[in-house]
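The values are calculated or read from the model by the stated rules, or taken from the named source; none is laboratory data. Being a predicted model, the structure only gives us computed values, none of them experimental. When we count neighbours, we look across all protein chains shown, and the Cβ atoms used for this are built from the backbone with ideal geometry, even at glycine. When the accessible area is computed, the model is the full protein with side chains, heavy atoms only, and any ligands, DNA or RNA have been set aside. Shrake-Rupley method; radii C 1.70, N 1.55, O 1.52, S 1.80 Å.
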Amino acid sequence: MTKKLRRGYTTGTCAQAATKAAVTMLLGNVSVDQVTVSLPGKEVLTLKIAEAQKEFNKYNKSNPEIESVSCAVRKDSGDDPDITNGILVYSKVSRIKSGIVLDGGIGVGRVTKPGLDQPVGNAAINRVPRQMILREVEEACEMYGYDGGIKIEISIPQGVELAKKTFNPRLGIEGGISVLGTSGIVEPMSEQALLDTIELEMKVRRAGGKNYLIMAPGNYGLDFLREAYGIQDKDVVKCSNYIGQSMDMAADCKFQGLVLAGHIGKLIKVSGGVMNTHSRQADCRMEVLGVHAAMNDADAAVVREIMDCINTTEAMEILRREKLIEPVMESVMKRIEFFLKNRAGEELEIGVILFSTEDGILGKSENADELLMKIQEDR
């Protein structure tokens with residue numbers, strides 16, 4: 001029997017909890033050894049405070065007022081193999097004259113290139129964690145009737161060294177790691193557990209008489225299929241980064257065919273022959289786009305510009321400017337089909353739909369619509 005993997009919580013949740021503790025101690029003048037926080041998905045967590053330190057206004061010796069409080073929460077990634085597991089995430093909350101200001105301190109990266117979650121110059125604290133942190137401060141100010149300003153500084157001292165083990169410097173985040181999380185929870189990402197789950201889902205569908213599958217690597221694909229084709233999430237197998245292995249399992253389960261719908265940020269790697277699209281395995285996105293641009297008469301300056309991009313959105317803007325999207329996507333699709341069909345063999349018919357959030361469908365195989373009809377009839 002497969003052991004159920006333990007979930008953890010994100011750096012964003014740690015920053016939220018540390019901030020709640022710090023602002024409560026600052027404005028309420030109380031001691032806090034744990035806090036309860038509400039996550040974006042309405043789940044509630046109670047987290048321990050690992051460290052807490054107060055700073056007083058030294059100029060008012062007769063009645064010293066707490067000027068700032070720093071609290072830390074220790075990151076617990078559960079059974080996920082995460083390099084941030086066990087690190088301390090600090091939030092220092094200070095009184096200022098007006099407004100609420102959120103920034104990053106030591107170990108929190110700073111954005112240096114466009115195209116990321118935050119603008120250039122901002123601390124790499126992503127949008128959802130920002131909302132979680134600011135909500136705690138706003139609620140505390142209201143609770144304690146405080147109408148002055150608050151500054152929040154999130155720091156992760158170990159983040160400076162940890163960042164060297166990530167893609168952050170290449171992506172345009174310098175000086176530390178990012179404060180991340182959209183749900184607040186770290187779902188265990190054991191590779192074998194994920195593959196077992198994918199295979200089990202396929203077997204259940206096959207046992208239920210299904211002959212065809214539709215797969216998508218992640219939520220972008222689910223959103224696209226729902227909006228473009230009215231296909232509901234429950235009818236899609238989410239294959240994560242394991243495109244090649246998922247196709248192998250579909251063939252082993254004796255499915256007759258499948259359609260893979262994927263965002264260009266994932267499937268561009270498949271056009272380079274990469275069947276596990278996790279960034280730890282390979283990242284050939286700009287190299288592939290650069291080669292296909294050159295094949296379609298882009299000059300060396302344009303290819304170099306594409307090679308300097310940090311994501312496919314930025315590269316697509318260059319292709320759009322050069323009026324190269326259509327020919328480049330046509331040649332990219334040919335390579336995607338080549339590698340997918342080569343992996344699938346003779347028994348499994350493969351269709352593919354390539355899309356982007358900005359442009360919608362960028363390309364699809366000739367058999368994609370026919371296979372989608374079979375999938376709809378197969379439901």
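Looking only at residues in segment 296-315 that are among the aliphatic types (A, V, I, L, M) and under 17 Å from Pro114 (Cβ atoms), which one is surrounded by the most Cβ atoms within 10 Å (Cβ to Cβ)? I'd like the intermediate steps shown before the answer.
Within segment 296-315, the first condition is being among the aliphatic types (A, V, I, L, M), and the residues that meet it are 298, 300-303, 306-307, 310, 315.
Filter once more, keeping what is under 17 Å from Pro114 (Cβ atoms): 306-307, 310, 315.
Numbers: Ile306: 28, Met307: 13, Ile310: 19, Ala315: 26.
Per the stated criteria, the residue is Ile306.
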Within segment 342-368, the residues that are surrounded by fewer than 14 Cβ atoms within 10 Å (Cβ to Cβ) and more than 29 Å from the chain's Cα centre (by Cα) are Asn342, Gly345, Glu346, Glu347, Glu366
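Kindly check whether there is at least one residue in segment 109-119 that is hydrophobic (A, V, I, L, M, F, W, C), modelled with pLDDT of 95 or more and on the phi < 0 side of the Ramachandran plot. Working first, answer last.
Of all residues in segment 109-119, those hydrophobic (A, V, I, L, M, F, W, C) come to 111, 116.
Retained after the next criterion (residues that are modelled with pLDDT of 95 or more): none.
No, the conditions are met nowhere in segment 109-119.
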May I ask you to verify whether Cys71 is open to solvent by less than 30 Å² (accessible area, probe 1.4 Å), outside any loop (DSSP other than H, G, I, E, B) and out of contact with any Leu (no Cβ under 8 Å at 6 or more places or on another chain)?
yes
Residue ID - most open to solvent (accessible area, probe 1.4 Å), chosen from residues in segment 212-234 that are assigned to a loop (DSSP other than H, G, I, E, B) and of a type in the set (Gly, Ala, Ser)
Gly230
Inspect segment 85-99 for any residue being within 30 Å of Glu161 (Cβ to Cβ), open to solvent by less than 60 Å² (accessible area, probe 1.4 Å), in contact with a helix residue (DSSP H, G or I) (Cβ under 6 Å, 6 or more places away or on another chain) and polar (S, T, N, Q) and give the result as yes or no.
yes
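Quick check on Asp283: is it surrounded by fewer than 19 Cβ atoms within 10 Å (Cβ to Cβ), in contact (Cβ under 8 Å) with a residue 12 or more places away in the chain and touching a Lys or Arg at 6+ places or on another chain (Cβ under 9 Å)? I'd like the intermediate steps shown before the answer.
On the way: surrounded by fewer than 19 Cβ atoms within 10 Å (Cβ to Cβ): yes; in contact (Cβ under 8 Å) with a residue 12 or more places away in the chain: yes; touching a Lys or Arg at 6+ places or on another chain (Cβ under 9 Å): yes.
Here the answer is yes, as Asp283 does meet what is asked.
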Yes or no: Phe339 open to solvent by less than 30 Å² (accessible area, probe 1.4 Å) and of a type in the set (Phe, Trp, Tyr)?
no
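For segment 7-30, enumerate the residues that are farther than 22 Å from Asp80 by Cβ, among the polar types (S, T, N, Q) and modelled with pLDDT of 95 or more. Spell out how you get there, then give the answer.
From segment 7-30, those farther than 22 Å from Asp80 by Cβ are 19-30; that's our starting set.
This time we only want the ones that are among the polar types (S, T, N, Q), so: 19, 24, 29.
Across segment 7-30, the qualifying residues are Thr19, Thr24.
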Please go through segment 3-45 and pick out each residue that is over 24 Å from the mean Cα position of the chain (by Cα), outside any helix (DSSP H, G or I) and not hydrophobic (A, V, I, L, M, F, W, C).
Lys3, Asn29, Ser31, Asp33, Gln34, Thr36
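Would you confirm whether any residue within segment 326-335 is crowded, with 19+ Cβ neighbours inside 10 Å and not in a helix (DSSP H, G or I)? Give the steps one after another, and end with the answer.
Step one: filter segment 326-335 for residues crowded, with 19+ Cβ neighbours inside 10 Å, giving 328-329, 332-333.
From what's left, not in a helix (DSSP H, G or I): none.
Within segment 326-335 (the criterion being crowded, with 19+ Cβ neighbours inside 10 Å and not in a helix (DSSP H, G or I)), the answer is no, since none of the residues qualifies.
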Among the residues of segment 351-371, is any assigned to a helix (DSSP H, G or I) and either over 21 Å from Ala228 (Cα atoms) or of a type in the set (Gly, Ala, Ser) (or both)?
yes
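Okay, residues lined up against (1) without any contact (Cβ under 8 Å) to a residue 60 or more places away in the chain; (2) more than 13 Å from Ala216 (Cα to Cα); (3) crowded, with 19+ Cβ neighbours inside 10 Å:
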{"residue": "Val236", "(1), (2), (3)": "yes, no, yes"}
{"residue": "Cys239", "(1), (2), (3)": "yes, no, yes"}
{"residue": "Ala250", "(1), (2), (3)": "no, yes, yes"}
{"residue": "Leu260", "(1), (2), (3)": "no, no, yes"}
{"residue": "Lys269", "(1), (2), (3)": "yes, yes, yes"}
{"residue": "Glu287", "(1), (2), (3)": "yes, yes, no"}
{"residue": "Ala293", "(1), (2), (3)": "yes, yes, yes"}
{"residue": "Glu317", "(1), (2), (3)": "yes, yes, no"}
